[in-house]
Amino acid sequence: AKVRHFKWEVEYMYGAPDCQEHVVMGINGQFPGPTIRAKAGDTIVVDLTNKLHTEGVVIHWHGIRQLGTPWADGTASISQCAINPGETFEYRFKVDRPGTYFYHGHYGMQRSAGLYGSLIVDMADGEKEPFHYDAEFNLLLSDWWHKSVHEQEVGLSSNPFRWIGEPQSLLINGRGQYNCSLAAKFSNSSISQCKFEGYEKCAPQVLKVRPNKTYRLRIASTTALASLNLAIEGHKMVVVEADGNHVQPSAVNDLDIYSGESYSVLLKTDQNPYKNYWVSIGVRGRDPKTNQALTLLSYSATPASKLPTTQPPVTPRWDDYNHSKAFTKSIYALMGSPQPPKTYDRRIILLNTQNRLNGFVKWAINNVSLVLPSTPYLGSIKFGLNNAFDRKTPPDNYDSSYDIMKPATNQNTTQGSGVYTITLNTTVDVILQNANALAKDVSEIHPWHLHGHDFWVLGYGEGKFKNGDEKTFNLKNPPLRNTAVIFPFGWTALRFVADNPGVWAFHCHIEPHLHMGMGVIFAQGAHRVGQIPKEALACGLTGNKQNVDA
Ligand SMILES: O=C1O[C@H]([C@@H](O)CO)C(O)=C1O
């Protein structure tokens, strides 16, 4: 195993992710940030220098469990203090498990501003994946707004509320086309045909393949909002990995991917090599206003400039939830994967609602909308600083008379920074319960992401979760994941073992929703957390060295 060192500087810079120039967040002058490539068992060391002039920064390593290093999870106010302008923070952590991961900002809405990149962990030397492939491509998917994140954030925090709306563009590896389309002639709008020489920063990254080979596509979504569907004209894909875990191979024509998720699929280049094929990404789950992102699968026998003469794959209708559910429920753990404990010690039911607070629009969980404290929980809990956050523990359930199918009779919510304290090494079931939002007959998709752990996804159901529904749980081969979606008016059941001392966020991965309070905090075994580097806690009530050394 190796120690892999990186020196990174984060700054705002000009970019043109979708061919229109705007300010983006870059790392070492790159957007998206550099790809980290490592082997299972390696230690990653990133010296992150904040070159922003007026704001802090942190980076979260999404899908890396941070076993024994909870202070390196990169969540502002939770695992560490935001790194101040001019300062450098050392992230040092082990990547213990192979898989397709990514990293992103976790302070304010910096992920929406473009602070993200890929993190790929290969099998350790001498170990083999349970499938074969000849070569691979890495597709990091995101969405992009022309309004700055600062303006987006002010809109969300204003009364009257100003929603960010749908993205202007979808990006594949940071590249999209706002003012032209590669498939203009198939579009019924007046959008013009893209003409690229190939060197342009918004030119699509063409997937150049040779015939009769097997390619692994590593697909990860770090969208701020959009749920996506990816399809490759004329080709099936075989899903083999989800969120860093091997899954039972299953062939699909297209796949749905929600923010925070990753998949690997195998693609056989077994089609006519004298043609090129569209790769398309389109919006699902919200009424789309955004063009598909397109690129090409280009066979070596055909120049990449030769566009297909066919229409790109049609993204399934945004509200065809049966299509989404069929795909999501078809993901099972590969035989031989770790199985969940047969029973749980504690069940936490989390009701997701959209609310108002003095006229401001919020999202709340069991009627608490999360606000983060100024002292990171990891330090305040370890050192028993009782004034650092709300002592009131949020509830494990919601009022059984609440009608999840209708707008709330009382739309008001409360705000809080309380935490769920979980006994170390116990098994926790979380039932995520969706509900009607503020508007009648509206319930939205929310992908929930857990830090510090994987969970087993035991099942999905319609309507309100009720006693007896646990009989439908899949305890045989549920997939292990770190992100799971709740469908409109439905529930999703998760099980995890609280075996990683630390303080961990569990939240909706839609950036504006987290900003509006859609998350909870799980604390476990904080007394068992080792020596926290003092740079992680140099703010708030842990800012004075006495406490940190206590
Ligand atoms: O949080 C959200 O706010 C808007 C809408 O509910 C109110 O404008 C929307 O679509 C969200 O997902």
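Of all residues in segment 225-263, how many are farther than 21 Å from HIS453 by Cβ, assigned to a strand (DSSP E or B) and not β-branched (Val, Ile, Thr)?
13
Rundown of residues vs (1) more than 16 Å from the chain's Cα centre (by Cα); (2) farther than 20 Å from ALA408 by Cα, yes/no style:
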residue	(1), (2)
ASP429	yes, yes
LEU432	yes, no
ALA439	yes, no
PHE455	no, yes
LEU458	yes, yes
GLY468	yes, yes
THR472	yes, yes
ALA484	no, yes
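Is it fair to say VAL283 is on the phi < 0 side of the Ramachandran plot, within 16 Å of the ligand (Cβ to nearest atom) and part of a strand (DSSP E or B)?
Yes, satisfied.
Does segment 322-334 include one or more residues that are over 30 Å from LYS185 (Cα atoms), more than 22 Å from the chain's Cα centre (by Cα) and not in a helix (DSSP H, G or I)?
For segment 322-334, residues over 30 Å from LYS185 (Cα atoms), more than 22 Å from the chain's Cα centre (by Cα) and not in a helix (DSSP H, G or I): present.
Report the residue count in segment 135-157 for those that are within 16 Å of the ligand (Cβ to nearest atom), out of contact with any helix residue (DSSP H, G or I) (no Cβ under 8 Å at 6 or more places or on another chain) and open to solvent by less than 20 Å² (accessible area, probe 1.4 Å).
Counting residues in segment 135-157 that are within 16 Å of the ligand (Cβ to nearest atom), out of contact with any helix residue (DSSP H, G or I) (no Cβ under 8 Å at 6 or more places or on another chain) and open to solvent by less than 20 Å² (accessible area, probe 1.4 Å) gives 3.
Residues in segment 164-176: is at least one within 13 Å of the ligand (Cβ to nearest atom) and over 18 Å from the mean Cα position of the chain (by Cα)?
Within segment 164-176, one or more residues are within 13 Å of the ligand (Cβ to nearest atom) and over 18 Å from the mean Cα position of the chain (by Cα).
Quick check on LYS440: is it surrounded by fewer than 19 Cβ atoms within 10 Å (Cβ to Cβ) and within 16 Å of the ligand (Cβ to nearest atom)?
The answer is yes for LYS440.
Name the residue that is nearest to the ligand (Cβ to nearest atom), counting only residues in segment 356-372 that are open to solvent by less than 30 Å² (accessible area, probe 1.4 Å) and β-branched (Val, Ile, Thr).
Among those that are open to solvent by less than 30 Å² (accessible area, probe 1.4 Å) and β-branched (Val, Ile, Thr), it is VAL361.
For the list (1) within 16 Å of the ligand (Cβ to nearest atom); (2) open to solvent by less than 70 Å² (accessible area, probe 1.4 Å); (3) not acidic (Asp, Glu), I need the number of the one condition that LYS289 fails.
Every condition holds for LYS289 apart from (2).
Considering only segment 312-321, I want to know if a residue exists there that is of a type in the set (Asp, Glu), open to solvent by 50 Å² or more (accessible area, probe 1.4 Å) and within 16 Å of the ligand (Cβ to nearest atom).
Yes, some residue in segment 312-321 is of a type in the set (Asp, Glu), open to solvent by 50 Å² or more (accessible area, probe 1.4 Å) and within 16 Å of the ligand (Cβ to nearest atom).
Which residue out of ILE486, ILE445, ILE510 is in contact with a Gly (Cβ under 8 Å, 6 or more places away or on another chain), among the hydrophobic types (A, V, I, L, M, F, W, C) and within 16 Å of the ligand (Cβ to nearest atom)? Step through it out loud before you land on a result.
Working: ILE486 fails: in contact with a Gly (Cβ under 8 Å, 6 or more places away or on another chain); ILE510 fails: in contact with a Gly (Cβ under 8 Å, 6 or more places away or on another chain).
Result: ILE445 is the single residue among ILE486, ILE445, ILE510 that is in contact with a Gly (Cβ under 8 Å, 6 or more places away or on another chain), among the hydrophobic types (A, V, I, L, M, F, W, C) and within 16 Å of the ligand (Cβ to nearest atom).
With within 16 Å of the ligand (Cβ to nearest atom), in contact (Cβ under 8 Å) with a residue 12 or more places away in the chain, among the polar types (S, T, N, Q) and open to solvent by less than 10 Å² (accessible area, probe 1.4 Å) as the only criterion, which of THR375, THR353 stands out? Steps first, please.
Working: THR375 fails: within 16 Å of the ligand (Cβ to nearest atom).
Selected residue: THR353, the only one of THR375, THR353 that is within 16 Å of the ligand (Cβ to nearest atom), in contact (Cβ under 8 Å) with a residue 12 or more places away in the chain, among the polar types (S, T, N, Q) and open to solvent by less than 10 Å² (accessible area, probe 1.4 Å).
Failed condition for ASP499, given (1) assigned to a loop (DSSP other than H, G, I, E, B); (2) open to solvent by less than 20 Å² (accessible area, probe 1.4 Å), with all others met?
Unmet for ASP499, out of (1) assigned to a loop (DSSP other than H, G, I, E, B); (2) open to solvent by less than 20 Å² (accessible area, probe 1.4 Å): (2).
Spot the failing condition for TRP491; the list is (1) more than 30 Å from ASP441 (Cβ to Cβ); (2) touching an Asp or Glu at 6+ places or on another chain (Cβ under 9 Å), and only one is missed.
(1)
Give the residue, chosen from ALA226, ALA220, ALA183, that is closer than 22 Å to ARG284 by Cβ, surrounded by fewer than 22 Cβ atoms within 10 Å (Cβ to Cβ) and in contact (Cβ under 8 Å) with a residue 24 or more places away in the chain.
Answer to the selection: ALA183.
Restricting to segment 66-99, count the residues that are under 28 Å from HIS22 (Cβ atoms) and not acidic (Asp, Glu).
Summing the residues that are under 28 Å from HIS22 (Cβ atoms) and not acidic (Asp, Glu) in segment 66-99 gives 12.
Looking only at segment 378-394, how many residues end up being out of contact with any strand residue (DSSP E or B) (no Cβ under 8 Å at 6 or more places or on another chain), open to solvent by less than 20 Å² (accessible area, probe 1.4 Å) and not in a loop (DSSP other than H, G, I, E, B)?
So the answer is 2.
Answer yes or no as to whether SER369 is in contact with a Leu (Cβ under 9 Å, 6 or more places away or on another chain), assigned to a loop (DSSP other than H, G, I, E, B) and of a type in the set (Gly, Ala, Ser).
no
It is to be established whether one or more residues within segment 158-172 are outside any loop (DSSP other than H, G, I, E, B) and surrounded by fewer than 19 Cβ atoms within 10 Å (Cβ to Cβ).
Going residue by residue through segment 158-172, those that are outside any loop (DSSP other than H, G, I, E, B) are 169-172.
Adding the requirement that they be surrounded by fewer than 19 Cβ atoms within 10 Å (Cβ to Cβ) leaves none.
No: zero hits.
The values are calculated or read from the model by the stated rules, or taken from the named source; none is laboratory data. Just so you know, these numbers come straight off a predicted model, no measurement behind them. We place every Cβ from the backbone using ideal geometry, glycine too, and count neighbours over all the protein chains shown. All accessible areas refer to the heavy atoms of the entire protein, side chains included, with ligands and DNA or RNA removed. Shrake-Rupley method; radii C 1.70, N 1.55, O 1.52, S 1.80 Å.
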